[in-house]
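One structure below.
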Amino acid sequence: MAYRSINPFDGKLLGQFASWDAGQLEQALAQVAAATPGWAVLDLAERCRLLRRLGDVVRARRDSLAALITSEMGKRIAEARAEVDKCALACDYYAEHAPAFLADEIIASDAGRSLVAYQPLGTVLAVMPWNFPLWQVFRFLVPALVAGNTGLLKHASNVPQCALAVEEMVREAGFPAGVFRSLMIDSSRVAEVIADPRVHAVTLTGSEPAGRDVAACAGRHLKKSVLELGGSDAFVVLEDADLELAVAGAVTSRFLNAGQSCIAAKRFIVVEAVAEAFVQRLVATMAALRAGDPAVEATTLAPLARPDLREELHRQVRASIDAGARLLLGGEMSSGPGAFYPATLLDHVRPGMPAFDEELFGPVAAVIRVADEAQALALANNSRYGLGGSVWTRDAVRGERFARKLQSGAAFVNGIVKSDPRLPFGGIKASGYGRELSLLGIREFVNAKTIWIR
């Protein structure tokens, strides 16, 4: 199967890349295996220097990388530039903090001296999605490489040019040959790579079925795995919320990347006392969004990445309406070119509807009305997912108390859920396990080795 790069806005074929045969895959695995021992013992200061250089390369290519993201997966150009900037920020952050994160930790014990040393595992395979085609890669790649691991990337089949661009930038920054390779292979061969003894760990960001397959394969071969899967984040609006702030946050969170984000707000759980006012403001703000060419600055709603994604989203919307949800805005697919779906608002959503139970990966907001804070918390936690969530209230103490009770890997008070290199990122329940970013992220793929000296 060939990798095909297709512009979601106009459907034009941008490029086609043949999948590797067995010989090409073996050559890449052998190259990375050969580079692994030397990279692991390279002085940390030199690894940090190369990481800073990678950040410089990313910044120098900012405009071309943003244009590539926009053309290949359809992200609005302003959001694409922000994604590129975040990749460079991650390089800076880990170049500065890796020495402290990886320093020996002295532990008092019955020894004359005892410590924990943090040493690389070896080669980490990353299976990455298309929705943040550079950032998803960098948030694995940067901490893994600076810790002394080498990396392999199996990127989504619709963003091959982004995959190759990452490899090219690593090479341009001066990293030794074989420290990182993009594998142009079909998904059916991922299990083969995980099983290879030259691969020591795997991380996946993607769907729950893909996560189950990767975790099962890694488990069979006793290899460390980290999974960041889907989410159905609750956006809880309490009766004392600043509605202007909450609505602005709701629209930003739900419609970033045309709603194609695992940490987008998806279930808007609103206390009845302010529900009508919140919904009215939300309808007015959403109605002002304008679909168009994502390369044009004025566009405020981009297409979905593929037509099949739009079809599945529409199925979920119609099934929710059939089950009793009220359609207040959107809900109809356009007949023109591009994988566009209108900004859509469903009100009076309840458990048992796809809009509540499933992840809606697109520009659809689902409003769930509740009597009070207790019911809001119960419904927020009534989900198989547990990635992120937010609560909106003028009382910061109340907000923190509520956030602590949310069953999620991240909980924000009066702010939208986002990833930040300084903070750990990941989920619980069906949203996966393990953490990326921060101190915890860099330590996922190291051997925390106890050293005891009499």
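Each reported figure results from applying straightforward, stated rules to the coordinates on display, with no laboratory input. A quick note: this is a predicted structure, and the numbers were derived from the prediction, not measured. Here the Cβ is made from the backbone with ideal geometry for all residues, glycine too, and neighbour counts use every protein chain on show.
Axis of helix 160-172 versus longest Cα principal axis of the chain: the two differ by about 40°, to the nearest ten degrees. Using only side-chain charges placed at the Cβ, +1 for Lys and Arg and -1 for Asp and Glu, the dipole size of the chain relative to its Cα centre rounds to 640 debye.
Helix 307-322 axis versus longest C-alpha principal axis of the chain: approximately 40°, rounded to the nearest ten. Ranking A305, L360, G231 by Cα position along the charge dipole of the chain, where only Lys, Arg, Asp and Glu carry charges on their C-beta atoms, puts G231 farthest toward the positive end. Rounded to the nearest Hz, the phi-derived 3J(HN,Hα) couplings of the stretch 242-256 under the Karplus curve 6.51 cos²θ - 1.76 cosθ + 1.60 (θ = phi - 60°) are 6, 5, 5, 5, 5, 5, 4, x, 4, 5, 4, 5, 6, 10, 4, where x marks glycine and proline.
Shown for I451, I269: other C-beta atoms within 10 Å of each C-beta, ranked fewest to most, produce the order I451, I269. Think of the chain as having a plus end and a minus end, set by charges on the Cβ of Lys, Arg, Asp and Glu; of A45, A319, V274, A45 sits farthest toward the positive end of this dipole. Straight-line cross-link reach from K405 at under 25 Å between alpha-carbon atoms covers these lysines, not counting any fewer than eight positions away in the same chain: K266, K418, K429.
Among I453, I77, I442, I321, the order by Cβ neighbours within 10 angstrom, fewest to most, reads I453, I321, I77, I442.
Global size of the stretch 233-419: 15.5, 49 Å for Rg and Dmax (C-alpha atoms, Rg to one decimal, Dmax whole). DSSP beta bridges confined to the chain are antiparallel in about 35 percent of cases.
The long axis of helix 22-41 is offset from the longest Cα principal axis of the chain by roughly 70 degrees.
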